[in-house]
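Bear in mind these aren't lab numbers, they're just calculated from the coordinates by the rules spelled out. Worth saying up front: this structure is predicted, and the values here are computed from it rather than measured. Positions of Cβ are backbone-derived with ideal geometry, glycine not excepted, and every protein chain shown enters the neighbour counts.
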Amino acid sequence: MSAAPAGAHGPARRGAGPRRRFLACAAVVVALTASAVPFSRHPLGTAASFLPALLAVVACFDLMSVYLIVGEFRDSGDRRVLTMSCAYMWSLVTMAAYAAAFPGVLSQHPPLAVTASMAPWFYITWHGGFPVMLGLAWTRWPARWAVSTPIGQRRREAFGTITATAVAACGVVTLLAVFAHRLPVLIHGVDTTAMTRLTGPVTVPLTLLSLVTTYRGTRGRTGPEQWSAMVVLVCLSDLTLTYTAGHRYSVGWYAGRTTTLVASGVVLAATISALRRAKSQAQHESRIDGLTGLANRASAHRDLQLLIDGARRAGTPLSVIAFDIDLFKQVNDRHGHGAGDRVLAGIGHGLPTWLRTNDIVARVGGEEFLVVLPNTSEADACVVAEKLRQRVASSGAAQQHQRVTVSLGVAGLDRDSEDLDSLLRRADVALYVAKQQGRNRTCLAGGVPLPAAADVLNPTPVGQSAQALSTARADATNTTGTV
């Protein structure tokens, strides 16, 4: 069987994970609801603090959801996301009306309890309107509505739309209060059978329709909105438990109110999780060079400063190697920038495998790299530098286009008087000397070339490396008068 083209199933695979998670969570919600329904009519008694505490938490969740989802709209300009935030504003206003009509939440004589049925009517307005608005957010829109809002208009559009939603919700609450005595009675004492009989045939089908449109509309979405269908499903669970309960303060009534908390918190939790992932990704990208996967300049300098401080306290050696690719411009000119990027990526991917795990490797410029070697003397750093030079020259990435070589400068830390800038400056000067002396070579700080007899692939013991280095320094002093 022939393999599918690369990326042919990419979108399907990306969407499979969220769909599986949704179906798994949906199965849990359905199972819990089904297990509670047989006991939903069992009375539990009044818990005076339950509903006030729950509504206070839900209000906080709704406020935070409105704020965060509006922020997402201002980032993306997606009007569907803005409509989703309007659903939470609707929930917030109608929930406040429900609290102001339910005995014992604000007071024993609540201000909006014009009749005993006001709280049930506000509940239906709340739990009927919220999922329907989510469904409207993710149903099929005309093309002229689905366009992204220009950046300059997003703040004004968000403020106007949210304000209009709040005004509309307040208008509905006002109309219900004004015509309260003309509305059908939904509750007798604590018996809510009439509410089930009169409103269930309307709210349940609308919520089911919203569930279908929301699930279909959010397929393929990767943001917190992908959980909108779960919110609608939890609302449907709430309605089911409330309708089957038959009266207040029963198992179904308490279970339904508890699922309200879940419905208000699902998207909020998903939004916060997405923000945490974005922060983590931003922190990672601020430290890593995207092409090579190595640390970037700022990250390497921060880590080097910490290692310098640690070397001074512990009295241990520390060395750095500065190197860049010889005649890199010719690679770009002859083979294109794509070829140059592949050379950089090949060297970047190879460097960590050629060094110790505690060494720091960074790309600090276009074709410039920095290696920090903790607990490594200058002599041993020369051995490492020569090893790197030969590895780069023989690497497959380099040979793919032309012979690519590197020049390297080595400097060891003077723990008594040297800071980060001085150490790096000496390594850069050594690199410059290596370039001036013909490239494809290693030079020590002070312009001392690496001893020609050094066998870097089978390095000599440290003592012999140090002795060879001392001889080279002495030869350089006798020849040039300076080290």
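Our compactness index for region 18-286, the C-alpha radius of gyration over the empirical 2.2 N^0.38 Å, is 1.02. Taking label positions 7 Å along the Cα-Cβ direction at both A314 and A269, the computed distance is 4.3 nm, reported to one decimal. The HN-Hα couplings worked out from phi for region 171-179 by the Karplus form 6.51 cos²θ - 1.76 cosθ + 1.60 (θ = phi - 60°) are x, 5, 4, 5, 4, 4, 5, 5, 9 Hz, whole numbers, x standing for Gly and Pro. Straightening the chain between A282 and S35 buys 84.6 nm, computed as 0.36 nm per residue apart minus the Cα-Cα spacing. Taking θ as phi - 60° and the Karplus parameters 6.51, -1.76 and 1.60, the scalar couplings of region 433-441 work out to 5, 4, 5, 5, 8, x, 6, 6, 7 Hz in sequence order, x denoting glycine and proline. Summed over all non-identical Cα pairs, the Kirkwood treatment of region 350-423 gives a radius of 13.6 Å. Note that region 117-132 has calculated 3J(HN,Hα) couplings of 8, 5, 4, x, 5, 5, 4, 5, 4, 5, 7, x, x, 4, x, 5 Hz, one per residue in order, obtained from phi through the Karplus relation 6.51 cos²θ - 1.76 cosθ + 1.60 (θ = phi - 60°); glycine and proline are x. Rounded to the nearest angstrom and listed largest first, the equivalent-ellipsoid semi-axes of the chain from its Cα gyration tensor are 71, 24, 20. Here the gap between S394 and A194, fully extended at 0.36 nm per residue and compared with their Cα-Cα distance, gives a gain of 63.6 nm.
Straight Cα distances below 28 angstrom link K387 to the lysines K329, K435, with same-chain residues fewer than 8 positions distant left out. What nm value, rounded to one decimal, do you get for the distance between R425 and A339 when each label is placed 7 Å out toward the C-beta? Each label point is offset 7 Å from its Cα along the Cβ direction, giving 3.9 nm. Quick check: net charge around T260, other residues with Cβ under 12 Å of its Cβ, Lys/Arg +1 and Asp/Glu -1? Net charge in that neighbourhood comes out at -1. Partner aspartates and glutamates whose Cα lies under 14 Å from the Cα of K279, excluding those fewer than 8 positions away in the same chain, are not found.
Here r is the Cβ-Cβ distance between Q153 and R19 and R0 is 35 Å; the resulting FRET efficiency, rounded to 0.05, is 0.55.
Taking amide H atoms as placed 1.01 Å from N in the peptide plane, the amide H of A116 has no partner under 5 Å among residues 5 or more positions away or on other chains. Scanning residues 5 or more positions from S250 or on other chains, those with amide H under 5 Å from its amide H are L44, with H placed 1.01 Å from N in the peptide plane. With semi-axes defined as the square roots of five times the eigenvalues of the C-alpha gyration tensor, the equivalent ellipsoid of region 227-378 measures 57, 23, 10 Å, largest first.
For the chain, adding -39500 (n - 2.57) for each run of n ≥ 4 DSSP H residues and dividing by the number of residues yields -22000 deg cm²/dmol at 222 nm.
Evaluate E = 1/(1 + (r/R0)^6) for L209 and Q108, where r is the Cβ-Cβ distance and R0 equals 56 Å; express this FRET efficiency to the nearest 0.05. Taking R0 as 56 Å, the efficiency between L209 and Q108 is 0.90. Near the amide H of V105, within less than 5 Å, lie no amide hydrogens of residues on another chain or at least 5 residues away, with H placed in the peptide plane.
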